[in-house]
Each structure stands twice: as structure tokens, then as C-alpha cells.
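Notes to accompany the following structure.
The values are calculated or read from the model by the stated rules, or taken from the named source; none is laboratory data. As the structure is a computational prediction, the values presented were derived from the model and not from experiment. Because the Cβ atoms are built from the backbone with ideal geometry, glycine has one as well, and the counts that use them run over all protein chains shown.
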């Protein structure tokens with residue numbers, strides 16, 4: 001399984017739109033891994049988690065190819081994870097020679113939004129599939145298991161365990177410290193890779209987004225449960241409010257055995 005991290009920022013991006021704070025100005029000057037687009041991951045060419053507003057950037061700058069995308073899994077309905085206007089360009093005259101319709105998986109809120117906003121125009125482009133926490137979905141060689149996130153109180157927000165050929169990855173974005181239902185389910189799995197949000201960094205968080213303290217606690221608890229042992233643990237989904245550039249994040253996270261994600265990072269399991 002090849003995992004490409006196509007974006008590593010929170011909703012405002014980094015440098016944040018319209019922002020003149022010191023951290024954003026530093027990111028503009030230094031560039032490189034300090035320029036972060038909105039978060040998503042792609043698995044091979046046919047599977048993707050989330051559709052942020054930066055998908056064109058991911059194709060044009062990072063080299064992603066969405067022309068073969070068949071399965072799109074959505075974590076929740078916030079527009080940095082479900083950018084509806086991009087679905088207008090799925091078919092001709094905007095896109096040609098691609099498989100249609102694609103399957104878009106999500107919670108009830110996501111499916112209701114898709115059907116309400118797109119209406120009959122969605123039928124030739126996409127099938128909206130409502131999914132439930134902890135119920136596996138088979139999708140062309142990959143198995144996705146939605147787990148409960150702690151993020152938007154009025155919505156069943158999801159993270160995903162993705163498995164193929166004996167390897168499994170947990171993608172956890174957006175979420176605070178996992179609900180106990182998720183922890184109980186995780187007791188029965190094995191994880192080779194964890195990609196976990198760290199929106200708040202050194203700033204106190206943990207309820208709807210994670211900070212360093214909660215990120216470290218998640219890794220430690222997974223190790224204590226022997227669910228995650230010697231695999232790859234990656235932090236992603238950073239807000240510019242963390243105040244730390246990429247190298248500075250690396251210096252902190254490396255001490256805890258955690259890699260710092262950057263746009264375009266590739267992980268092979």
C-alpha cells in the first residue's frame with residue numbers, strides 16, 4: 001500500500017489565507033515544507049480520503065493523479081474536508097476519460113449534503129454511500145473501517161483504518177483524543193502506520209483537535225495495547241497557530257519517535 005499525504009494543514013492552510021502573523025511570514029520566506037495545503041491522503045490511484053479545496057494544487061504541484069479515482073472516503077462535512085464545488089468538474093466538458101460514477105462514502109450528514117446540494121446532477125458523477133462506524137467496507141482491494149472521531153459534536157465524524165495485504169493504517173483527522181468506543185475497537189486490530197492530526201501543537205487542545213500532549217498519549221496507549229509496535233507514526237494537520245516551522249516541529253516530535261508530515265510525503269507499507 002502506497003500512502004501519499006497530499007496536504008498537512010488545518011482549514012486555513014499555511015501560510016494562512018489573509019494572515020500576517022510571524023509564523024505565516026516565516027513560512028512565506030522559508031518556503032519548502034513550511035508551505036502546507038489542506039489535509040487529505042491518497043492510497044494508490046483509486047482511493048482517497050477527503051476532498052479539500054486544494055485538489056488542483058495537489059495535482060499540479062505535488063503530482064497527484066485523480067483521473068483514476070474510484071473511491072472517495074470523507075471524514076466529515078467541514079469544507080476543508082469536503083469541498084463540494086470540485087465535484088462539478090468530475091465529468092465532461094471538464095474531465096474526460098475517467099471512470100464514472102465514483103463512490104463517495106460518508107456519514108449521514110455528508111450523504112445528505114451531497115444529495116441536497118448536487119441533486120440530480122450527482123447521478124452521472126457519483127454514488128453517495130452512507131456508512132456506519134466500525135462496519136467494514138470493501139473497495140477494490142482495500143478494506144476501510146470507519147472509527148469514531150471526537151470533533152464536531154452534532155455530527156458522527158469519522159477516521160479510517162485502511163487495510164491491504166496484511167498491512168493496516170489508521171488515518172485520524174480531524175479529532176481530539178479518541179472516544180472510548182474507538183479505543184475498545186482498536187484493541188482488536190494491528191496497525192503498521194498511524195497518521196494522526198496535531199492541529200494545536202504546543203497549545204492546549206484535545207477535545208476536538210489534538211495537541212502534543214494528546215498526540216503523545218495516543219501513541220503511548222496504542223503501544224501499551226500492543227496495537228502499534230514498531231511501525232510508522234506520523235503527525236499531520238497542523239494549524240499555523242502552533243508557531244513552529246517544519247524543522248522546529250521535527251525537533252520536538254522526533255524525540256517521541258514521531259515523523260512530521262509534509263505535503264507530498266509518501267509512505268510505503
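One table, with the values for the structure above:
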quantity	calculated
Region 75-91, subset surrounded by fewer than 19 Cβ atoms within 10 Å (Cβ to Cβ) and in a helix (DSSP H, G or I), residue modelled with the lowest pLDDT	88
So residue 27, is it buried (at least 19 other Cβ atoms within 10 Å of the Cβ), at pLDDT 95 or above, closer than 25 Å to residue 200 by Cβ and over 15 Å from the mean Cα position of the chain (by Cα)	yes
Pair list, Cβ < 7 Å and 6+ apart or interchain, from region 86-102 residues that are farther than 17 Å from residue 55 by Cβ to residues that are outside any loop (DSSP other than H, G, I, E, B)	101/126; 101/127
Hits in region 232-243 - residues which are crowded, with 21+ Cβ neighbours inside 10 Å and farther than 18 Å from residue 6 by Cα	242
Residue list for region 153-206, restricted to those being modelled with pLDDT under 95 and touching a helix residue (DSSP H, G or I) at 6+ places or on another chain (Cβ under 9 Å)	204, 205, 206
Residue match in region 110-129 (condition: in contact (Cβ under 8 Å) with a residue 40 or more places away in the chain and over 21 Å from residue 66 (Cα atoms))	no
Condition check for residue 104: closer than 21 Å to residue 40 by Cα and in contact with a helix residue (DSSP H, G or I) (Cβ under 8 Å, 6 or more places away or on another chain)	yes
Qualifying residues in region 126-144 (those that are out of contact with any helix residue (DSSP H, G or I) (no Cβ under 8 Å at 6 or more places or on another chain) and part of a strand (DSSP E or B)) - the one surrounded by the fewest Cβ atoms within 10 Å (Cβ to Cβ)	138
Criterion: within 20 Å of residue 3 (Cα to Cα), surrounded by 19 or more Cβ atoms within 10 Å (Cβ to Cβ) and over 16 Å from the mean Cα position of the chain (by Cα) - qualifying residue of 47, 33	33
Set 178, 144: member being touching a strand residue (DSSP E or B) at 6+ places or on another chain (Cβ under 9 Å), closer than 18 Å to residue 220 by Cβ and touching a residue at least 24 places away in the same chain (Cβ under 8 Å)	178
Subset of region 92-125 that is part of a loop (DSSP other than H, G, I, E, B) and buried (at least 17 other Cβ atoms within 10 Å of the Cβ) - its residue that is nearest to the chain's Cα centre (by Cα)	107
Residue in region 25-32 that is within 19 Å of residue 262 (Cβ to Cβ) and in contact with a strand residue (DSSP E or B) (Cβ under 8 Å, 6 or more places away or on another chain) present	yes
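The rows are residues; the columns are (1) under 27 Å from residue 143 (Cβ atoms); (2) under 20 Å from the mean Cα position of the chain (by Cα).
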position	(1), (2)
170	yes, yes
178	yes, yes
191	yes, yes
204	no, no
207	no, yes
218	yes, yes
234	yes, yes
242	no, yes
